[in-house]
1. Using just the Cα positions, wrap the range B:94-174 in a convex hull and report its mean projected area in square nanometres, one decimal place.
2. Which of the residues in the range B:140-156 show a loss of at least 40 Å² in accessible area from their chain by itself to the complete set of protein chains, at a probe of 1.4 Å?
3. Gain in length, A:Thr297 to A:Phe227, computed as 0.36 nm per residue apart minus the alpha-carbon separation, to one decimal in nm?
4. Residues of the range A:158-295: accessible area per residue at 1.4 Å, in Å²?
5. Please list the three semi-axes, largest first and in whole Å, of the ellipsoid equivalent to the range A:308-447, using sqrt of 5 times the eigenvalues of its alpha carbon gyration tensor.
6. Take the Cβ-Cβ distance between B:Glu61 and A:Asp108 as r, set R0 to 22 Å, and report the resulting FRET efficiency rounded to the nearest 0.05.
7. When only alpha-carbon atoms count, how far does chain B stretch along each of its three principal axes, as whole angstroms with the largest first?
8. Could you give the Stokes-Einstein D for the range A:192-250 in µm² per second, using the C-alpha Kirkwood radius, 20 °C, 1.002 mPa s?
Amino acid sequence: MVANISILIVDDEESVRDSLFNWFIEDGYQVDRAENAKQALSILESKDFDIILADIKMPGMDGLEMHRRIKAFNKNSIVIIMTAFASVSTAVQALKDGAYDYITKPFDPDDLSHLIRNAANQIALVSENESLKRKVVALENVEDLIGRSKPMIKVLKEVERVAQSNSPVIITGESGTGKELIARAVHSNSQRKFFPLVSVHCGALTESLLESELFGHEKGAFTGAMFNRKGRFEMADGGTIFLDEIATISTKMQIELLRVLETKKFVRVGGNKEIESDFRVICATNKDLKKMVNNGTFREDLFYRLNVVNIHIPPLRDRIEDIPLLVDYFITKYCTSMSRGIISIDKAVLHRLETYPFPGNVRELENMIERAIVVGNGKEIRKKDLPFEEDSITNHTESLEDLEKKYILQILSKYDWNISRSAKVLKVDRVTLYNKIKKYDLKRKKK
Amino acid sequence: MNKHSILLITYGHFEKNFLEQVAVDVSNEFQCRIDIEESHIELSEFYDSTRRQYDGNKLLEEIDSMFLSPDIKKIGIFRVDLFIPILTFIFGQAILNGNSGIASLYRLRNEHYGMPQDEELLISRLKKIIIHELGHTFGLLHCHNPTCVMLSSTYVEDIDQKTQKLCTKCKKLVD
């Protein structure tokens, strides 16, 4: 643990700096020195320290002012104020400003040793606390994985199996099927569960933003880079990184990603120091990556690097037996969060849900239930509480041909019988549309 | 046998028998030749009248400035109270990965803490301090093994808790 603790000594007296430096080096800490507050702040711009031991009386900026400035950009650093001129008022001021402790020179070796050991313990506790909090959040969310259908049980068994390994995983499935939940489940059941699960939505970021998000950046690397910032790969050290919508990343990022996955080493944007991180990668996409490889839009080498294990989540329409379970789960979840009594659902409404194709999958069902609870009567979910359009699909007496005829006519009318535009909307060529018009004997209504 | 040899330099009067006992155990721990030399310096030059102690940093510099073969590790042994500017006292100190160190028996005496004199305990403590400081000159950092002589000791009871031997891990690093 000691080897991971870094200490910055700030004192204008060389002998003090050197004595403390030698003392801490022999204890195995990573130590650096600064001869005044200005130099210390400059060092802190490029490197973070866990403990800062600062003299209170220094030429120029004093230790208290330096402490205030440090706290403005790094709240986690432990600052210990030291001085040869002990006074109650300065000690109180230092502690009021959030200093960890106050020590008077010269120190008793045992006091110094205890002080640093306690500070190191506090750093370890804070880090453990953060990691446990993340774990609790992750475990809570995994409860959202609901399903007793055969395809879902198969997915859950796969999750259990792959969680034990360190191999990269690709999760595929339509939008709204719960790919991130599966990623969370893999992480929470793995040996990395006590370390963070870091999610990145690749599709939501431009190429340059994604690069800085993944690799981090150094201060001044680009306009607006006011501080050094850790990247997601660095934050996922010991844990898992989840790259959602992996198919959307640019070719340049694909090359960078491949290199990082192979070496587990990278450099922050604008930096030159190589950083190593031990992470597991889980990706998700609703696209057919194999097809993209064939089209040349996704690198083959990256595809094979990522596609060690593939978990496919079936769409909700292929596991309708899970719908009643999910409905019950979402009713309980939202009624509880809105502090309402648990309501029921009309049987006919439930049947209607079981026959609905759910293009937006579980997410769509969840939103439907949440909305129904908000707009409903507080006792039961009724048909009118659900946002179904009473369209032709509900009329089960019509054939496929009738539906096609009706739809083509609707589009033709909408575009004033402009064949090219209608064909484009229907995603057929003009000849096919002409043939359909002929087949169904469609005629333009006279105005 | 280690290619290095160790020179114990005494400042002030030490019994020959006392030094020989120290030399045997130091030699066993580092597997190298030990020489003992009596030396004289004007200690008043290193005295700090404000603190009424002797400056350990300056004494270490003095020992280190003695020109000897780089294969010889030197340890200055004193009877006076040592300090460094930031600490109230030190039992000893050394240059990490260097060739020099210092140790003092001033604060190792039981009488300093109002306890009855115990010569055997005093020799045992001094051996541990010397071996510890020599360990630093061989590049060893403080060890977390509670029995290892390289465990950091900030008060005498700490010294008594540990053994005078290097743990297997530290021993390997020296070898």
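The values are calculated or read from the model by the stated rules, or taken from the named source; none is laboratory data. If you're wondering where the values come from, they're calculated on a predicted model, not measured in any experiment. FYI the Cβ positions are ideal-geometry reconstructions off the backbone, even for glycines, and counts take in every protein chain you see. Note: accessible area is taken over every heavy atom of the protein model, side chains too, but ligands, DNA and RNA are not part of it. Shrake-Rupley method; radii C 1.70, N 1.55, O 1.52, S 1.80 Å.
1. Reported value for the Cα convex hull: 4.9 nm².
2. Listed in order, they are B:Leu141, B:His142, B:Thr154.
3. Working: separation 70, 0.36 × 70 = 25.20 nm, distance 3.49 nm.
Stretched fully, the A:Thr297-A:Phe227 segment lengthens by 21.7 nm.
4. 46 Å²
5. Whole-Å semi-axes of the equivalent ellipsoid: 40, 19, 13.
6. On the way: r = 24 Å, r/R0 = 1.10.
According to the calculation, E is roughly 0.35.
7. The Cα atoms of chain B stretch 43, 38, 34 Å along their principal axes.
8. The estimated diffusion coefficient comes to 177 µm²/s.
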